[in-house]
Amino acid sequence: MRDYDEVTAFLGKWGPFQRLIFFLLSASIIPNGFNGMSVVFLAGTPEHHCRVPDTANLSSAWRNHSIPVRLQDGREVPQSCRRYRLATIVNFSALGLEPGRDVNLEQLEQEGCLDGWEFSQDIYMSTIVTEWSLVCEEDWKTPLTTSLFFVGVLLGSFVSGQLSDRFGRKTILFATMAVQTGFSFLQVFSINWEMFTVLFVIVGMGQISNYVVAFILGTEILGKSVRIIFSTLGVCTFFAIGYMLLPLFAYFIRDWRMLLLALTVPGVLCVPLWWFIPESPRWLISQRRFKEAEDIIQKAAKINNVTAPVVVFDPVEQQEQLPLKQQKVFILDLFRTRNIATITIMSLLLWMLTSVGYFALSLNTPNLHGDPYLNCFFSALIEVPAYIAAWLLLRTLPRRYVIAGVLFFGGSVLLLIQLVPAGYNFLSIGLAMLGKFGVTSAFAMLYVFTAELYPTLVRNMAVGVASMASRVGSIIAPYFVYLGAYNRVLPYILMGSLTVLIGIITLFFPESFGRTLPETLEQMQKVKGFRYGKKTKGSMEKEENSKVIITSF
């Protein structure tokens, strides 16, 4: 009995049809790149200090000394959330006293920013922070905005697969693209922080759903050899291209509302793709809609200039291919035995902490020294060689050593940032980018590694649960960035330490490189360093026979 790949083999591997699907689906991922990281500029916090009203009767000397100063990176800067008590300094100004000469400023009483703040416009003309004064006592709202976006991502990842299974890949792909674009457009008209944040949660739901469904649709339409490249270099690289476009848009559009409006335009430009991207023939067959599936393959054959059989899908043969009843599995099956539970817990930690490192480094680019737009561009650019390196390394080297190696590398260079002298800012930025390279490479490998560890029965569930753990990591990540307000190097110390720690834990995973995929829970390999009793001669022979010289790439 022939499977789908064998039935459609006459189309070839890399014809015009496959190239069209590859690039159109990859292009649909570009808006995800800048929507996923747009909060970097939408919620940017410029330098600020307390406003002193123009109506206050102050001399020029007292107006210049109305804000206390503090030391930051070896230089004196105005305090962001305090000013000298206005009534007191107005009185001193009226008496003709001079600050610093007649009055000891250190002994003056201070008060909060009762008249609001003045924000620097050197970098941003306006952000949600400047519009709704999300600073000082309200500064907790800024990381919460980002975290709630990733809560939306978490919710979207729950429902996207189920919706596409129910209503079709193509329908849900364009529906979620519409959600992402439409609600981003509605955010432009937000009247307060609460409205902006609620809409941002919905944008997050559409953002991940679009990404996941495009990934599924591509892997189901494309052949086996192209499928792997699409799921790594195609999807990931075009996400990075979208990410690189973000600082370009933000550099020329400094107002947050106009920037958000501009970011919705590429989503609108994706509408014509509806007439070029087909439904998944595999999904249509699973729904027993054989005629529609055959029409798509016939059109693909015409595009590839090949002759298709008169009958592509024999309904009787395809009906026999469809499983009558699939064995039910539950999430507790991932913790059934000590070995499986250990692998699952380590996988959850690996995904979550790698996600924390990736998103914290991505969101922290405005806090690096130098031009935040250029830093964001470099942060996106470094992802392209990271994805290529991940693809090349996974082709030839053992999984756990490769992943542990790039995590060690990324974590170590992040820990070195604290040793960089204050004047060598370019070196700090370079180390941060190298750390991003290591963490991104590891992140790109996790789907392959996790899928190879678990048997067919629970593979999708295992990858899904691990992916949920990564969403939890992305929700936590903004608060790592928030710590930088108290100490510039503290986020790097924490990220570096956690990345090195998870690199060590990765060494205890079983190796999946060069082995056939397990089919049952009993065939899962053992965690390294655990004692499970002596192996019999028969079990050792069986383990040797399971080794094959293949890779997923």
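The values are calculated or read from the model by the stated rules, or taken from the named source; none is laboratory data. All values derive from a computational prediction rather than experimental measurement. Every residue, glycine as well, gets a Cβ built from its backbone with ideal geometry; the counts of neighbours run over all protein chains shown. These area figures cover heavy atoms from the full protein model, side chains too; ligands, DNA and RNA do not enter into them. Shrake-Rupley method; radii C 1.70, N 1.55, O 1.52, S 1.80 Å.
Taking the condition closer than 30 Å to Phe252 by Cβ and free of Cβ contacts under 8 Å to residues at least 40 places away in the same chain, does Glu138 pass?
So Glu138 passes the test.
What is the number of the single condition among (1) of a type in the set (A, V, I, L, M, F, W, C); (2) closer than 15 Å to Ser280 by Cβ; (3) surrounded by fewer than 23 Cβ atoms within 10 Å (Cβ to Cβ) that Val135 does not meet?
Only one criterion is unmet by Val135, namely (2).
Take region 184-199 and flag every residue that is in a helix (DSSP H, G or I), touching a residue at least 24 places away in the same chain (Cβ under 8 Å) and not aromatic (Phe, Trp, Tyr).
Answer for region 184-199, where residues must be in a helix (DSSP H, G or I), touching a residue at least 24 places away in the same chain (Cβ under 8 Å) and not aromatic (Phe, Trp, Tyr): Ser184, Gln187, Thr197.
Looking at Ile253, Ile202, can you tell me which residue is open to solvent by 30 Å² or more (accessible area, probe 1.4 Å), of a type in the set (Val, Ile, Thr) and within 24 Å of Val135 (Cβ to Cβ)?
Every option except Ile253 fails the conditions.
When only residues in region 149-159 that are aliphatic (A, V, I, L, M) and open to solvent by 50 Å² or more (accessible area, probe 1.4 Å) count, which is farthest from Gly204 (Cα to Cα)?
Val159
Test each condition in (1) open to solvent by 20 Å² or more (accessible area, probe 1.4 Å); (2) of a type in the set (Val, Ile, Thr); (3) in a helix (DSSP H, G or I) for Thr55 and report the one that comes out false.
(3)
Could you tell me whether region 61-78 includes any residue that is in contact with a Ser or Thr (Cβ under 6 Å, 6 or more places away or on another chain) and of a type outside the set (Gly, Ala, Ser)?
Among the residues of region 61-78, at least one is in contact with a Ser or Thr (Cβ under 6 Å, 6 or more places away or on another chain) and of a type outside the set (Gly, Ala, Ser), which makes the answer yes.
Any residue in region 287-306 that is more than 20 Å from Ser164 (Cβ to Cβ) sitting within a Cβ distance under 9 Å of a residue that is open to solvent by 60 Å² or more (accessible area, probe 1.4 Å) and among the β-branched types (Val, Ile, Thr)? List the pairs, counting only those 6 or more apart or interchain.
Close Cβ pairs (under 9 Å, with a partner that is open to solvent by 60 Å² or more (accessible area, probe 1.4 Å) and among the β-branched types (Val, Ile, Thr)) amount to Glu294/Val311; Ala301/Thr307.
Residues in region 66-80: is at least one closer than 30 Å to Phe174 by Cα, outside any loop (DSSP other than H, G, I, E, B) and either polar (S, T, N, Q) or not assigned by the TED database to the domain that holds Thr145 (or both)?
no
Listed residues Gln162, Gln110; which is surrounded by fewer than 16 Cβ atoms within 10 Å (Cβ to Cβ), farther than 24 Å from Asn367 by Cβ and in contact (Cβ under 8 Å) with a residue 24 or more places away in the chain?
Checking each option against the conditions leaves just Gln110.
Looking at Arg399, Arg395, which is the one that is among the basic types (Lys, Arg) and either under 18 Å from Thr499 (Cβ atoms) or open to solvent by less than 20 Å² (accessible area, probe 1.4 Å) (or both)?
Checking each option against the conditions leaves just Arg399.
Which numbered condition trips up Gly405, out of (1) in contact with a helix residue (DSSP H, G or I) (Cβ under 7 Å, 6 or more places away or on another chain); (2) closer than 27 Å to Val235 by Cβ?
Status for Gly405: all satisfied but (1).
Go through the residues of region 141-156 one by one and say whether even a single one is touching a residue at least 40 places away in the same chain (Cβ under 8 Å), outside any loop (DSSP other than H, G, I, E, B) and within 24 Å of Pro68 (Cβ to Cβ).
Checking region 141-156: at least one residue is touching a residue at least 40 places away in the same chain (Cβ under 8 Å), outside any loop (DSSP other than H, G, I, E, B) and within 24 Å of Pro68 (Cβ to Cβ).
Checking Ala422 against (1) closer than 19 Å to Asn364 by Cα; (2) at pLDDT below 90; (3) in a helix (DSSP H, G or I); (4) small (Gly, Ala, Ser), which test does it fail?
(3)
Taking the criterion of being in contact (Cβ under 8 Å) with a residue 12 or more places away in the chain, out of contact with any Leu (no Cβ under 9 Å at 6 or more places or on another chain) and charged (D, E, K, R), would at least one residue in region 366-376 satisfy it?
No, region 366-376 has no match at all.
Using the structure shown, decide if Ile202 is of a type in the set (A, V, I, L, M, F, W, C) and not in a helix (DSSP H, G or I).
Considered against the rule, which asks whether it is of a type in the set (A, V, I, L, M, F, W, C) and not in a helix (DSSP H, G or I), Ile202 comes out as no.
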